[in-house]
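Everything on this sheet refers to the single structure shown next.
The values are calculated or read from the model by the stated rules, or taken from the named source; none is laboratory data. Bear in mind that the values here come from a model prediction, so they are computed numbers and not experimental data. Cβ atoms come from the backbone with ideal geometry, glycine included; neighbour counts cover every protein chain shown.
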Amino acid sequence: MTKPVNENKKDFLIVLDDKNDIQFIFPKNSSFSPYVNRSIETLFDHACIETVQKFMQDLRVNHFMSNCEMTLNDSTRAFFSGYSEESSAFIMVLFEQLSEPEVLKKMIVLNSQQVNEIRALNKIVSLQDDQSLEQISRLNNELLNSRRTIEKQNAELVKYNRLLKKMAVEDSLTGCYNRRYFYDYMRDHVFASQQDETHCLIMIDFNHFKSINDQFGHDAGDRLLIQFVKIAKAILTDIGEVFRLGGDEFIILTNHIHVEDARIMMEKLNNQFKEDSMIATLAYGIVQFKTSDINHEFDLTNILKTTDDLMYEHKKLSHKK
């Protein structure tokens, strides 16, 4: 239906006679008033006339949209109530024999209330949708920020775990393995070994280390410890590990070499350390053993004592020289 000029969101009711001519339009002062006494069919575009005629025929034949069986005759009128939105007007068809103006007014008031309620409900739903979208967007942003925070915290946690693991096994000054890890290493790799492998345990101590600290300071002593570990790691590549027991005492554990080869290796290590440091030499003791000879810490304690005794004998000889 073509929208009347300047009509915007106005409710109306059209009363037709049995010839489809408009008898009344409520409210009377609406912009629909000029259509009184005109046929309802003339209110549509020419292209829609056939559709409207078929619609009206359906009303007569099928009592379309009627909840009671009635036929169009002189005493029966069809009432079109509706409302306009934007550029279109919408009408609803009613069948009613009552035609008193007061009744019709009540009908249009009721229709107006319903339409207003629908409009208000649409606004509420639209507002709720906007609020829901805003809330979902805010929650998504919070979730994204939380995810980034968790990822950052996980990265920091991995970093700290690696640091703690490193601190648990490494000597903080020299970077070699510490005393605690020496016993863990022996338990996990030597005591538990199922193969009868040959190892050498070497106890090492610096000659005159106290005098060096007293004369040159503890920083000089620390540099000697760091330099020793650097040389030892280079020589022990793929054949052993170096551990710091404490102070200037170190242990070297070799794999798959005999005591003669271990002595040659230690002479090379001692000479290079003496050449680099210019002021320090090494005292050491070497004990060869097989994994079948050592099964628990009691056996390890005995080997360590023997190695320590040999180291002190070597230290006495160094002092005599």
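When Asp205 is tested against (1) closer than 30 Å to Ile226 by Cα; (2) touching a Lys or Arg at 6+ places or on another chain (Cβ under 7 Å); (3) at pLDDT below 90, only condition (3) is not met. Selection of the stretch 119-147 for residues being modelled with pLDDT of 85 or more and among the acidic types (Asp, Glu) yields only Glu142. Being loosely packed, with under 15 Cβ neighbours inside 10 Å, out of contact with any Asp or Glu (no Cβ under 7 Å at 6 or more places or on another chain) and aliphatic (A, V, I, L, M) is a property that Met186 lacks. Of the residues making up the stretch 137-193, just one is in the same structural domain as Phe243 (by TED's automatic domain parsing), free of Cβ contacts under 8 Å to residues at least 12 places away in the same chain and assigned to a loop (DSSP other than H, G, I, E, B), namely Ala192.
Conditions (1) basic (Lys, Arg); (2) touching a Leu at 6+ places or on another chain (Cβ under 8 Å); (3) over 19 Å from Asp261 (Cβ atoms), marked per residue:
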site	(1), (2), (3)
Ala280	no, yes, yes
Gly285	no, yes, no
Thr291	no, no, no
Ile294	no, yes, yes
Lys305	yes, no, yes
Asp308	no, no, yes
Met311	no, no, no
Leu317	no, no, yes
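Being of a type in the set (A, V, I, L, M) and at pLDDT 95 or above: is that true of Val229 here? Answer is yes for this residue.
It is to be established whether one or more residues within the stretch 242-261 are modelled with pLDDT under 90 and either among the β-branched types (Val, Ile, Thr) or on the phi > 0 side of the Ramachandran plot (or both). Within the stretch 242-261, one or more residues are modelled with pLDDT under 90 and either among the β-branched types (Val, Ile, Thr) or on the phi > 0 side of the Ramachandran plot (or both).
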